[in-house]
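Asks: Sending over a structure as structure tokens; questions will come in a sec.
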Amino acid sequence: MSFIIGIGGVSRSGKSSLAQKIKDRLSDRQVLLLDMDDFVFSASDIPKINGKTDWERPESVDFNQILSEVQNSRRNYDIIVVEGILAFANDALRSGYDLTIQIQLSKETFLLRRKKEQRWGDEPDWYLEHVWDSYLKWGQFQEADMQLSGEEELSESLLSSLIKEIISRQ
């Protein structure tokens, strides 16, 4: 059976980068990365806020599909990493994690990084505030096994400690 890791944090905190580093470091194992962005409903099925698609709420994610993907992948992978802003927003998904990691980021750093992000073009300030508020409402998980800072690049020693922790829990 797979060891399942949940990684949560606000947009641009380093969730995807951490997931990829875990996979790279555990190259001797079968590791599956599941990005919650790949499990959102179509834009037409997601609630709007001020006419803009509200990707930042639990109703935007097909949690049944993620749960099914995790369940169907358990026999084929040693480690499954689920990462996303809403990685802890669903009780059934959260209760299946063997290790939970919350990446903390200051609001100032979030705003700076998100404003540089041009994947969605220029986003209005009110929407960036909404993303932050949504993270505070649905994305934080104070009970996570590990709280990491996303302010700077993860140090080699901290990454090594994390990998040792994963191996010891497996």
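The values are calculated or read from the model by the stated rules, or taken from the named source; none is laboratory data. What you see is a predicted model, and the numbers here were worked out from it, not measured in a lab. No Cβ is skipped: glycine too gets one built from the backbone with ideal geometry, and neighbour counts run over all protein chains shown. With ligands, DNA and RNA removed, areas are computed over all heavy atoms of the protein, side chains included. Shrake-Rupley method; radii C 1.70, N 1.55, O 1.52, S 1.80 Å.
Asks: Once you keep just the Cα pairs under 8 angstrom separated by 6 or more residues, what percentage relative contact order results for the chain?
Replies: Across the chain, relative contact order equals 35 percent.
Asks: Here is a further query. Quick check for you: which residues of segment 42-75 have the amide N under 11 Å from the point 7 Å beyond the Cα of Asp91 toward its beta carbon?
Replies: Those under the cut-off are none; the list is empty.
Asks: Net charge within 13 Å of Ile101 by Cβ-Cβ distance, Lys/Arg positive one each and Asp/Glu negative one each, not counting Ile101 itself?
Replies: Numbers: positive: Lys15, Lys21, Arg94, Arg169; negative: Glu83, Asp98, Glu143, Asp145, Glu165.
So the surrounding residues net to -1.
Asks: Can you tell me the relative contact order of segment 14-109? Whole percent, Cα pairs under 8 Å, sequence separation 6 or more.
Replies: Working: 91 pairs, mean separation 33.5, N = 96.
After rounding, I find 35 percent.
Asks: Contour minus end-to-end for Arg25 and Ser160, with contour as 0.36 nm per residue of separation and end-to-end as the Cα-Cα distance? Walk me through the intermediate numbers first.
Replies: Values: separation 135, 0.36 × 135 = 48.60 nm, distance 0.87 nm.
Value of the extension gain: 47.7 nm.
Asks: Right, something else. Could you give the dipole magnitude of segment 52-111 about its Cα centre, charging the beta-carbon of Lys and Arg +1 and that of Asp and Glu -1, in debye to the nearest 20?
Replies: With only Lys, Arg, Asp and Glu charged at Cβ, the dipole is about 40 debye.
Asks: Can you tell me which lysines have their Cα less than 23 Å from the Cα of Lys23? Leave out same-chain residues fewer than eight positions away.
Replies: Lys15, Lys164
Asks: Still on this structure, I have one more. With +1 on the Cβ of every Lys and Arg and -1 on the Cβ of every Asp and Glu, and nothing else charged, how large is the dipole of the chain about its Cα centre, in debye rounded to the nearest 20?
Replies: Once rounded to the nearest 20, the dipole reads 240 debye.
Asks: Using the Cα centre as the reference, give the magnitude of the dipole from point charges on the C-beta atoms of segment 112-155 (Lys, Arg: +1; Asp, Glu: -1; all else neutral), rounded to the nearest 20 debye.
Replies: For segment 112-155, the charge dipole is close to 180 debye.
Asks: Further, regarding this structure: Using all alpha carbons of the chain, what is the percent of pairwise distances in each 10 Å bin, ordered from the shortest bin to the longest?
Replies: Binned Cα distances yield the sequence 10, 39, 35, 14, 2.
Asks: Give me the accessible area per residue for segment 1-67, probe 1.4 Å, as a whole number in Å². Please list the in-between numbers first.
Replies: Values: 3210 Å² over 67 residues.
Ligands and nucleic acids excluded, the result is 48 Å² per residue.
Asks: So if each residue of separation counts as 0.36 nm, and I subtract the Cα-Cα distance between Lys52 and Ser73, what length gain in nm does that give?
Replies: Between Lys52 and Ser73, full extension yields an extra 4.2 nm.
Asks: Can you list the DSSP H helices in the chain whose Cα atoms extend at least 30 Å along the helix axis and whose mean Kyte-Doolittle hydropathy is 1.6 or higher?
Replies: Once both thresholds are applied, nothing remains.
Asks: Can you list residues from other chains, or at least 5 along the same chain, whose modelled amide H is less than 5 Å from the amide H of Leu148?
Replies: Counting only residues 5 or more places away or on other chains, the set is Gln102, Ile103, Gln104.
Asks: Take the solvent-accessible surface of the protein heavy atoms, probe 1.4 Å, and return the percent of it on segment 1-152 that carbon and sulfur atoms account for.
Replies: Answer for segment 1-152: carbon and sulfur cover 43 percent of the accessible area.
Asks: How far apart, in nm, are two points set 7 Å out from the Cα along the Cα-to-Cβ line at Leu112 and at Gln142?
Replies: 2.7
Asks: Could you give the Stokes-Einstein D for segment 122-170 in µm² per second, using the C-alpha Kirkwood radius, 4 °C, 1.567 mPa s? Numbers along the way, then the final one.
Replies: Details: Rh = 13.6 Å.
Answer, rounded: 95 µm²/s.
Asks: Taking 0.36 nm per residue of sequence separation and subtracting the Cα-Cα distance, how much length would be gained by fully extending the chain between Asp133 and Glu152, in nm to one decimal? Don't jump to the answer; show the numbers that get you there.
Replies: Working: separation 19, 0.36 × 19 = 6.84 nm, distance 2.22 nm.
Result: 4.6 nm gained on full extension.
Asks: For Phe3, which sequence-distant residues (separation of 5 or more, or a different chain) have an amide H within less than 5 Å of its own amide H, given hydrogens modelled in the peptide plane?
Replies: HN-HN under 5 Å from Phe3: Ile79, Ile80.
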